[in-house]
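Below is one structure, written out as structure tokens; the observations come after it.
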């Protein structure tokens, strides 16, 4: 297995529409950077947010996660309450090749402020907008800026193609279009 470089990522984005829209270089002036980097791609968070609230005294249950556990907002700057989290989606749509697995890590600008981004790996042949989990670990409200970088995707290519891809097994989060809550198959 090998990590893929900027040249490979650019070629896959241009020839196979792996990332759309695709920024072929880092965009950083006056904002949190996004776009192609040396060995990854910094994705942007869209202006769609679901901010967790305990107003309805719901229990967090991955088998029965209730929509009323969130306040839905469309905004350029989302405020995440102290010790809480929000769900969001990427600006970019991804189409992962059959021999690729990705890992997502948070950007240092947010990490240094106590903001943690959690995204599960994009499995071979997964496709869709990414649902992003953004945790505010601080005792203060935290700002998240829409249409700016949030996390970096690293691409790993296997020496052989997987036997059964995410698409083959009809994964429950395949082709997701918006912020998708936890669900059972």
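The values are calculated or read from the model by the stated rules, or taken from the named source; none is laboratory data. Just so it is clear, the structure is predicted and the values come from calculations on it, not from any experiment. Here the Cβ is made from the backbone with ideal geometry for all residues, glycine too, and neighbour counts use every protein chain on show.
Results, tabulated for the structure shown:
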{"item": "The range 64-90: number of residues that are farther than 19 Å from residue 123 by Cα and under 19 Å from the mean Cα position of the chain (by Cα)", "result": "15"}
{"item": "Number of the condition not met by residue 57 [criteria: (1) under 27 Å from residue 142 (Cβ atoms); (2) modelled with pLDDT of 95 or more; (3) surrounded by fewer than 20 Cβ atoms within 10 Å (Cβ to Cβ)]", "result": "(2)"}
{"item": "Residues being closer than 19 Å to residue 151 by Cβ, modelled with pLDDT under 95 and not in a loop (DSSP other than H, G, I, E, B) - total across the range 15-28", "result": "1"}
{"item": "Candidate set from the range 43-68 (those that are assigned to a loop (DSSP other than H, G, I, E, B) and in contact with a helix residue (DSSP H, G or I) (Cβ under 7 Å, 6 or more places away or on another chain)); member that is nearest to residue 89 (Cα to Cα)", "result": "53"}
{"item": "Unmet requirement for residue 145, which otherwise passes all of (1) more than 12 Å from the chain's Cα centre (by Cα); (2) closer than 22 Å to residue 75 by Cβ; (3) modelled with pLDDT under 95", "result": "(3)"}
{"item": "The range 115-130 residues that are in contact (Cβ under 8 Å) with a residue 60 or more places away in the chain and at negative phi, paired with ones that are outside any strand (DSSP E or B) and surrounded by 21 or more Cβ atoms within 10 Å (Cβ to Cβ) (beta carbon under 6 Å, 6 or more apart)", "result": "none"}
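For (1) closer than 17 Å to residue 110 by Cα; (2) in a strand (DSSP E or B), each residue gets a yes or a no:
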| residue | (1), (2) |
| --- | --- |
| 8 | no, no |
| 13 | no, no |
| 30 | yes, no |
| 35 | yes, yes |
| 41 | yes, yes |
